[in-house]
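Scroll down for the structure; my scribbles are underneath it.
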Amino acid sequence: MSDYYNRNNRRKKRSRREKIGFYTAFSICLIAVSMAIYSTYNTMSVPQKATNPQTETTQAQQVNQVVTGVTETLAEPKLDSTIPKVTAVSQEETTQPTTAEASKDALETMLSTDLSLTYPLKSNNILREFSKESVYFKTPNVWKPHLGVDFAGELGDDVCAMADGAVTKVSEDKMYGKTVEISVNDAVCIYSGLGDISVSEGDSVTAGDKIGTVGSVPYEASDKNHIHVAVKVNGNYADPLSFIGNNS
């Protein structure tokens, strides 16, 4: 009987100790969970530090510098308000002669000499007339006076002297091609754009004598085949057509 009571007492004591251990472990776990919850809550609820206004300004400047690349206010450029004066050029000051002046000069030049000329080609076709006013040249794409007459012809056609005279120069010009100059008293007849040349410097020629053939004028290569004839009277360019048929 006593053994039964002893065993029963031992069971009760063991059960009590197990209960105490269970509740102790449960309490420890509960405390640990509470501390973890408290720590998390405390971290989330702590207010952030107040930002220093000066730091914000500095950061804003840095951002602005990155975005715009400007670290300081640039002075607004000043425009030069000085406008250069443009001097008006009156019509009298231009070098381009008027039609009346050109006609007057041509008349004075024609009356200053007794030069008489004939056509240099049998065809007598005129491609471009003499002009002291600017005309358009297609090959060089420029406007300038045409100080001569272009007589149209076929390549190889005979070119004849327009008056009696002496051959003073035979040359080749980059702009006007092969050229022959013949002096006639106070005038000089200049034949350009020749192919073959039949005379030499020092030769005397009579009006109608062959001096060469039709070639090409590099400066006027875009035009039809022709020769370019210029006339100078006392050193001044004159219209060759003004002297053709003077004695007829």
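Things to note:
- Working ranking of peptides 160-168, 191-199 by packing, defined as the average number of other Cβ atoms within 10 Å per residue, highest first, is 191-199, 160-168.
- Longest to shortest principal axis, alpha-carbon extents of the range 139-248, angstrom: 36, 27, 25
- Out-of-range pairs (alpha-carbon distance over 20 Å; input LYS174/LYS224; LYS132/LYS232; LYS122/LYS174): LYS122/LYS174
- Total charge dipole magnitude, the range 132-201, about the Cα centre, Cβ charges on Lys, Arg, Asp, Glu only, Debye to nearest 20: 420 debye
- Net charge contributed by nearby residues that have their C-beta within less than 12 Å of GLU129 (K/R +1, D/E -1): -1
- Magnitude of the charge dipole, the range 102-248, Cβ model with Lys/Arg +1 and Asp/Glu -1, debye to 20: 380 debye
No value in this document is a laboratory result; all are computed from the given coordinates. As the structure is a computational prediction, the values presented were derived from the model and not from experiment. All Cβ positions, even for glycine, are placed from backbone atoms using ideal geometry, and neighbour counts span all protein chains on display.
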